[in-house]
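Enquirer: The structure is given below, and queries will be raised subsequently.
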Amino acid sequence: MNKFFSIIFAVVFAICIYGAYSPAQASAAGLGSVNMSEVIANYPDMQTTNAAVDLARQKAQNEFNEKSASLDDKGKKDLFDKLNQQVTEQQNKLFQPIRDNISKAVDATAKEKGLDAVLDSSVVFYGTVDVTQDVIAKLKA
């Protein structure tokens, strides 16, 4: 994950070094941005998925509470680690289709708009074409 952020930082840094882009120049250069927080918040099945993750966490917490009373500290840590891993795996399983759908929507929007790259708006200060609403519309379609 740190490598990903390093790459994003390097791209943003290179853009800043190259010069200040206006949205028209960004479009000509093929740069777009998307507010991923807004896209995720507006994803159609996000509430259902979050509820499923919360339920998995609650079940793990209940199981830990039931079983940990009779365990020593090492046993509690092992149980906690095991349950935490199970919840993390279930969370990844539930969110992977969402990540895939968002990625496909961003790719499709970039192609439609003739953009070479779309960056998360959290790492872009200015100078890109904002495609957030286009991506949200694709996901809701």
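Bear in mind that the values in this text are calculations on the coordinates, not laboratory data. Since the structure is predicted, the reported quantities are computational estimates derived from the model, not experimental observations. Methodologically, a virtual Cβ is constructed for each residue, glycine included, from the backbone with ideal geometry; neighbour enumeration extends over all protein chains shown.
Enquirer: Give the order of ILE40, ILE136 when sorted by the count of other beta carbons within 10 angstrom, beginning with the fewest. Write out the running numbers ahead of the final one.
Expert: Details: ILE40 15, ILE136 22.
So the residues, fewest neighbours to most, are ILE40, ILE136.
Enquirer: Along the charge dipole of segment 23-141, Cβ charges K/R +1 and D/E -1, which of ALA105, GLN61, ILE136 sits furthest on the positive end?
Expert: GLN61
Enquirer: Moving to a separate point now. Just to check, using Stokes-Einstein with a Kirkwood Rh over alpha carbon pairs, what's the diffusion coefficient of segment 95-141 at 20 °C and 1.002 mPa s in µm²/s? Intermediate results must be reported in sequence, preceding the final value.
Expert: Numbers: Rh = 11.2 Å.
Taking Rh from Cα pairs, D becomes 191 µm²/s.
Enquirer: Which whole-percent values make up P(r) of segment 31-141 when all C-alpha to C-alpha distances are grouped in 5 Å steps starting at zero?
Expert: 2, 11, 17, 15, 12, 10, 9, 8, 7, 5, 3, 1, 0
Enquirer: Taking a cut-off of 24 Å between Cα atoms, list the lysines near LYS140, but don't count ones fewer than 8 places away on the same chain.
Expert: The reachable lysines, counting only those whose Cα sits under 24 Å from LYS140, are LYS93, LYS104, LYS111, LYS113.
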